[in-house]
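Worksheet: the structure to be examined is printed underneath.
Any read-out appearing in this document is the output of simple, stated calculations on the displayed coordinates, not a laboratory observation. Only a predicted model underlies this, so the values are computations on that prediction, with no experimental measurement involved. Please note: Cβ atoms are built from the backbone with ideal geometry, for glycine as well, and neighbour counts cover all protein chains shown.
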Amino acid sequence: MKVLLHICCAPCSIYPIRCLRRDGHDLIGFFHNNNIHPYTEYRKREETLTRYAQQIELQLIVAKNYDLERFIRAVAFRETERCRYCYFDRLKATALLAKQSKFDAFSSTLLYSKFQKHEMIQSIGQALSTEIGIPFLYEDFRPGWKEGVEASKQIGMYRQPYCGCIYSEKERFWRPGNPKK
């Protein structure tokens, strides 16, 4: 199958790409991540993925816009539901592009991270599949977590310390009662 693979970052793409290629799928990557803050972090992730895609001969589509403001407007005052919106926004963009470009299916490297809300991602992907009319290729890539981490370290790949949004950055670095840790 020809699969459009949403890619959140290069380290999270290693294992899913290996699996999907091993299974015989023809992949094209799609970098669309309006949630990432600050812009310098977005650029580091985009540049790391672009270099990696060249190394492994993966065609990559990079979204032309970086609409952080839309992401923030959508989640402001709904911070506890921010992940749901974030997954939905990125998967919907992927599904729409896949349908428009006549792919056979779409998927996401979000299914790799043990830190993401896996069941929510799966549910949103399946719902968008029905709504948009293109199959969501579901695979639980979490069993390859350690393999992907080790491979990214061996390559010397930039590894980000948080999911990407301003809220996850705060959760990663700020500790109540001890803001300097």
*Identify the residue in the range 116-136 that is polar (S, T, N, Q) and more than 14 Å from Cys83 (Cα to Cα) and, among all such residues, is surrounded by the fewest Cβ atoms within 10 Å (Cβ to Cβ).*
Thr130
*Output the number of residues of the range 137-180 satisfying the condition of being exposed (fewer than 12 other Cβ atoms within 10 Å of the Cβ) and of a type in the set (Gly, Ala, Ser).*
2
*Residues satisfying the stated conditions in the range 44-84, i.e. in contact with a Phe, Trp or Tyr (Cβ under 9 Å, 6 or more places away or on another chain) and more than 26 Å from Ile17 (Cβ to Cβ)*: Leu68, Ala74, Val75, Arg78, Glu79, Arg82
*asked:* Restricting to the range 20-42, count the residues that are buried (at least 17 other Cβ atoms within 10 Å of the Cβ) and over 16 Å from the mean Cα position of the chain (by Cα).
replied: 1
*Residues that are in a loop (DSSP other than H, G, I, E, B) and surrounded by fewer than 24 Cβ atoms within 10 Å (Cβ to Cβ), drawn from the range 1-19*: Met1
_If I filter the range 132-172 down to residues being over 30 Å from Gln54 (Cα atoms) and in contact (Cβ under 8 Å) with a residue 12 or more places away in the chain, which single residue comes out as nearest to the chain's Cα centre (by Cα)?_
Tyr167
*asked:* Quick check on my filter: what residues within the range 100-115 are surrounded by fewer than 20 Cβ atoms within 10 Å (Cβ to Cβ) and within 14 Å of the chain's Cα centre (by Cα)?
replied: Ser113, Lys114, Phe115
_Residue list for the range 43-96, restricted to those being charged (D, E, K, R), crowded, with 18+ Cβ neighbours inside 10 Å and over 14 Å from the mean Cα position of the chain (by Cα)_ = Arg82
*Determine whether the range 63-77 contains at least one residue that is β-branched (Val, Ile, Thr) and touching a strand residue (DSSP E or B) at 6+ places or on another chain (Cβ under 9 Å).*
no
